[in-house]
Amino acid sequence: MKIHNYSAGPCILPQEVFEKSAAAILNFNNSGLSILEISHRCKDFVAVMDEARDLALELLDLKNKGYQALFLHGGASLEFLMVPYNLMTVDGKAAYLDTGTWAAAAIKEAKNFGETIVVGSSKEENYTFIPKDFNVPNDASYFHCTSNNTIFGTQMKSFPDLDIPIVCDMSSDIFSRVLDFSKFDLIYAGAQKNMGPAGTTLVIIKEEILNKSGRNIPAMLDYAQHIKAESMYNTPAVFPIYASLLTLQWLKNLGGIGAIEKLNNQKAALLYNEIDRNSYFKGAANVEDRSCMNATFLLKDEKLAPVFDKLWKEANISGLTGHRSVGGYRASMYNALPLESVQVLVDVMKDFESKVSETKF
Ligand SMILES: Cc1ncc(COP(=O)(O)O)c(C=O)c1O
């Protein structure tokens with residue numbers, strides 16, 4: 001049975017990644033061993049780690065540009081504190097853009113390390129838009145932003161030009177659209193959206209920004225130590241990293257980020273057109289800031305929710321319920337979600353419209 005998986009994360013991954021991962025659990029690289037029982041130091045896994053780090057940089061067009069890729073533990077949430085630990089100078093400050101729950105969580109952690117300036121916030125409007133007119137102080141150690149706000153369905157379409165390092169939480173839209181990634185000095189993303197299963201976090205760092213904070217950093221939280229150890233300072237998340245590599249290979253074979261961006265734009269246009277056309281629905285986020293990854297939308301009349309919910313569930317749609325901070329619905333259209341799944345949802349919305357208008361609820 002085909003399930004149309006709109007889960008916000010962990011989420012849908014390409015079918016071939018599931019199949020190859022399953023095969024590797026039984027017999028990894030024809031070794032007769034499961035990937036779950038091999039040493040992370042064995043030749044075959046070191047090759048996986050090296051290729052995954054290399055391919056991540058290649059897909060982002062950051063190879064040979066002074067960047068390093070790491071696969072760490074602790075989720076994006078650990079990066080909320082590793083970033084200030086490594087980059088905020090002692091007695092210094094950092095600038096943050098507050099665009100949602102995850103940005104606010106990053107701000108909260110930064111405050112443990114020093115002065116944390118919130119340069120713009122849409123909190124008062126329940127994060128329905130991305131603040132645009134903000135000033136970043138030139139003497140901040142870095143500027144931190146969240147490219148895609150998974151919960152609220154907003155996405156930054158442009159990023160400021162600054163003389164200080166830019167740090168970006170790209171957990172929910174990395175590898176989904178073409179950007180000039182060299183604009184960023186540090187990018188992090190939990191794997192469990194566009195890259196793989198939960199359990200590892202991709203961190204991309206421009207090496208020259210490290211070792212300037214003047215802090216004594218515990219080894220496990222020190223990016224420089226992880227770079228020195230080639231992302232094997234301690235036992236890495238072997239299986240999530242292997243599955244992430246398979247997803248990155250899938251993306252490369254598809255034509256890279258440029259190719260998937262076209263598909264992602266098609267999917268988003270199809271769904272947002274229906275949200276705007278269908279008189280029973282409304283979008284939750286400001287139109288110009290709408291996310292191509294997570295579309296948030298509401299029923300104009302919430303009393304009709306049981307009718308709509310029954311229809312999408314019958315169509316084998318899963319994971320469409322909105323986050324409690326927004327309500328309504330959230331359709332997460334990550335890279336691996338096929339256009340066909342979006343068409344199924346749009347058809348359900350049309351069907352709902354005709355059923356409701358016929359029966360005049
Ligand atoms: C944008 C963003 N940042 C951070 C996080 C937290 O990630 P993790 O659970 O890997 O710590 C999430 C989780 O959904 C997210 O969407």
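The values are calculated or read from the model by the stated rules, or taken from the named source; none is laboratory data. Predicted, not measured: the structure shown is a model, and the values here were computed from it. Here Cβ is always computed from backbone atoms with ideal geometry, including for glycine, and neighbour counts include all displayed protein chains.
Below, the figures for the structure above:
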quantity	calculated
So ALA268, is it farther than 16 Å from LEU345 by Cα and aliphatic (A, V, I, L, M)	no
Residue that is surrounded by the most Cβ atoms within 10 Å (Cβ to Cβ), among those in the stretch 198-219 that are more than 13 Å from MET88 (Cα to Cα) and more than 16 Å from the ligand (Cβ to nearest atom)	ILE205
Test: residue in the stretch 267-285 that is of a type in the set (Ser, Thr, Tyr) and exposed (fewer than 14 other Cβ atoms within 10 Å of the Cβ)	yes
Answer residue from the stretch 1-34, given it is of a type in the set (S, T, N, Q) and within 27 Å of the chain's Cα centre (by Cα) and is surrounded by the fewest Cβ atoms within 10 Å (Cβ to Cβ) among those	GLN15
Some residue of the stretch 325-332 being touching a residue at least 60 places away in the same chain (Cβ under 8 Å), surrounded by 21 or more Cβ atoms within 10 Å (Cβ to Cβ) and among the charged types (D, E, K, R)	yes
Search result, residues across the stretch 79-103 that are among the acidic types (Asp, Glu) and surrounded by fewer than 18 Cβ atoms within 10 Å (Cβ to Cβ)	ASP91
Subset of the stretch 135-193 (residues that are in contact with a Lys or Arg (Cβ under 9 Å, 6 or more places away or on another chain), charged (D, E, K, R) and more than 10 Å from the ligand (Cβ to nearest atom))	ASP139, ASP161, ASP185
Options ASN253, ASN264, ASN294; residue that is free of Cβ contacts under 8 Å to residues at least 24 places away in the same chain and among the polar types (S, T, N, Q)	ASN253
LEU55, sole failed condition from (1) crowded, with 20+ Cβ neighbours inside 10 Å; (2) in contact with a helix residue (DSSP H, G or I) (Cβ under 7 Å, 6 or more places away or on another chain)	(1)
Elements of type helices (runs of 4 or more DSSP H) in the stretch 35-133, at least 1 residues being more than 16 Å from the ligand (Cβ to nearest atom) and more than 19 Å from the chain's Cα centre (by Cα)	43-59, 75-87
So SER7, is it modelled with pLDDT of 95 or more and more than 27 Å from ILE151 (Cα to Cα)	no
Residues that are more than 23 Å from GLY9 (Cα to Cα), in contact (Cβ under 8 Å) with a residue 60 or more places away in the chain and loosely packed, with under 15 Cβ neighbours inside 10 Å, drawn from the stretch 333-360	LYS350
The stretch 98-111 residues that are more than 16 Å from THR128 (Cβ to Cβ), paired with ones that are near the ligand (Cβ under 8 Å from one of its atoms) and not in a loop (DSSP other than H, G, I, E, B) (beta carbon under 6 Å, 6 or more apart)	ALA105/PHE80; ALA106/PHE80; GLU109/PHE80
Qualifying residues in the stretch 134-161 (those that are of a type in the set (A, V, I, L, M, F, W, C) and within 18 Å of the chain's Cα centre (by Cα)) - the one farthest from GLY328 (Cα to Cα)	PHE159
Residue ID - nearest to MET82 (Cα to Cα), chosen from residues in the stretch 157-189 that are in contact (Cβ under 8 Å) with a residue 40 or more places away in the chain and polar (S, T, N, Q)	SER171
Which listed residue, of ALA76, ALA110, ALA106, is touching a Ser or Thr at 6+ places or on another chain (Cβ under 7 Å), among the hydrophobic types (A, V, I, L, M, F, W, C), more than 24 Å from GLU230 (Cα to Cα) and surrounded by 19 or more Cβ atoms within 10 Å (Cβ to Cβ)	ALA110
Selection count, the stretch 50-79, where residues are on the phi > 0 side of the Ramachandran plot and in contact with a Gly (Cβ under 7 Å, 6 or more places away or on another chain)	1
Of all residues making up the stretch 194-231, the number that are under 23 Å from the mean Cα position of the chain (by Cα) and assigned to a loop (DSSP other than H, G, I, E, B)	9
Scope the stretch 218-252; condition more than 23 Å from MET170 (Cβ to Cβ) and hydrophobic (A, V, I, L, M, F, W, C); matching residues	ALA219, ALA229, MET232, VAL238
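For (1) over 24 Å from HIS40 (Cβ atoms); (2) of a type in the set (Ser, Thr, Tyr), each residue gets a yes or a no:
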position: SER182; (1), (2): yes, yes
position: LYS206; (1), (2): yes, no
position: LEU221; (1), (2): no, no
position: SER231; (1), (2): no, yes
